[in-house]
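Note sheet for the following structure.
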Amino acid sequence: MTDYISEYKKKTKGSVKLFSKSLKFHVNGVSHNIRFFEPYPFVVKSSAGKNLVDVDNNKYTDYWMGHWSLILGHAPKQVKESIKKQIDKSWMYGTVNEQTIKLSELITKAVPVAEKIRYVTSGTEATMYAVRLARSVTGKNIIAKIDGGWHGYTSDLLKSVNWPFTESESSGVVNEEKIISIPYNDLEKSLEILNKVSNDLAGIIIEPVLGGGGCIPAKAEYLKGIQEFCKKNNSLFILDEIVTGFRFRYGCLYPTMKIDPDIVTLGKIVGGGMPIGVMCGKKEIMEHSNTKGKKKTERSYIGGGTFSANPMSMTSGFATLTELKKSK
């Protein structure tokens with residue numbers, strides 16, 4: 001290992017110089033915790049296809065692919081050309097645009113539950129809003145998640161991500177008692193925990209393939225059992241397909257398991273490498289976020305954000321899904 005580190009240092013002198021400068025401006029030199037590694041991360045100047053190229057002209061085969069968002073690889077021609085055409089028209093409107101409608105048409109046809117859609121700019125925002133909506137719809141407060149489940153950095157879900165699951169994931173997180181955690185793929189124990197809080201359980205959020213826990217697939221019987229509990233208990237069943245959506249098939253993974261979620265969150269691939277988060281679901285549930293004619297106490301306030309449904313992300317997402325659809 002020492003030899004590898006020495007060789008790495010010899011080949012990345014430009015990176016260490018730039019990263020030393022980055023340390024002056026950024027916490028730990030990075031803007032995402034996972035991007036730091038010892039002895040220091042290399043600094044990328046370009047990418048194409050399967051490769052990253054750093055400032056020292058070293059070429060790396062990239063298995064990470066932009067946090068798993070680049071299913072077509074880096075800078076695919078079809079997506080790049082679409083972005084170039086859009087950037088000539090402008091890259092931020094702050095208004096309704098046709099690009100959003102075109103992307104939503106693709107998503108709605110591919111994801112049966114997506115009767116209504118609201119765009120944001122990250123997966124974290126999508127899951128944050130999803131649990132807020134569940135609380136609004138049900139009038140209940142507790143959200144259940146899975147041991148090892150990762151749904152972004154929102155305080156509403158930042159619990160039991162890393163072992164040991166009994167320790168808090170962060171200081172500054174309040175109301176942790178409103179988040180409970182259940183064991184993955186263990187229906188009997190999960191139902192035992194859920195029954196204790198059933199009267200105040202707003203919803204359950206699950207990844208069909210557990211990312212934080214090491215890419216462990218859910219058992220169809222487990223998801224069906226959780227779904228059945230939700231329906232009987234008037235709690236919402238939320239599926240986080242931010243990672244799995246459009247990765248294993250064109251559309252979501254959940255139809256292959258014959259389940260019927262109330263809300264699905266999407267991200268990563270559907271933005272084609274541009275910032276995106278998507279919350280979609282059944283019309284009667286999503287309409288709770290419609291502010292028209294509703295009192296504050298009757299609505300779930302879901303803004304979306306300044307850069308939500310921006311034409312660049314919508315164009316990139318549409319181009320990516322169009323390419324994926326060709327190989328459907």
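The values are calculated or read from the model by the stated rules, or taken from the named source; none is laboratory data. In this text the structure is predicted, and so the values were computed from the model without any measurement. Neighbour counts are summed over all protein chains in view; Cβ atoms, including those assigned to glycine, are modelled from backbone coordinates with ideal geometry. These area figures cover heavy atoms from the full protein model, side chains too; ligands, DNA and RNA do not enter into them. Shrake-Rupley method; radii C 1.70, N 1.55, O 1.52, S 1.80 Å.
If the condition is being touching a helix residue (DSSP H, G or I) at 6+ places or on another chain (Cβ under 9 Å), open to solvent by 40 Å² or more (accessible area, probe 1.4 Å) and either closer than 17 Å to residue 206 by Cβ or not in a helix (DSSP H, G or I) (or both), then segment 136-166 contributes 141, 153, 155, 156, 159. Residues of segment 52-65 that are surrounded by 15 or more Cβ atoms within 10 Å (Cβ to Cβ) and either within 23 Å of residue 323 (Cα to Cα) or at pLDDT below 95 (or both): 52, 62, 65. Among residues that are part of a strand (DSSP E or B) and either at positive phi or surrounded by fewer than 20 Cβ atoms within 10 Å (Cβ to Cβ) (or both), residue 193 is not included.
Test residue 103 against the stated conditions and say whether it is open to solvent by less than 50 Å² (accessible area, probe 1.4 Å), assigned by the TED database to the domain that holds residue 314 and among the hydrophobic types (A, V, I, L, M, F, W, C).
Values: open to solvent by less than 50 Å² (accessible area, probe 1.4 Å): yes; assigned by the TED database to the domain that holds residue 314: yes; among the hydrophobic types (A, V, I, L, M, F, W, C): yes.
Criteria met by residue 103.
When residue 116 is tested against the conditions (1) crowded, with 21+ Cβ neighbours inside 10 Å; (2) under 22 Å from residue 243 (Cα atoms); (3) at pLDDT 95 or above, the lone failure is (1). Could you say whether any residue in segment 81-94 is aromatic (Phe, Trp, Tyr) and outside the structural domain of residue 272 (by the TED database)? No, segment 81-94 has no match at all.
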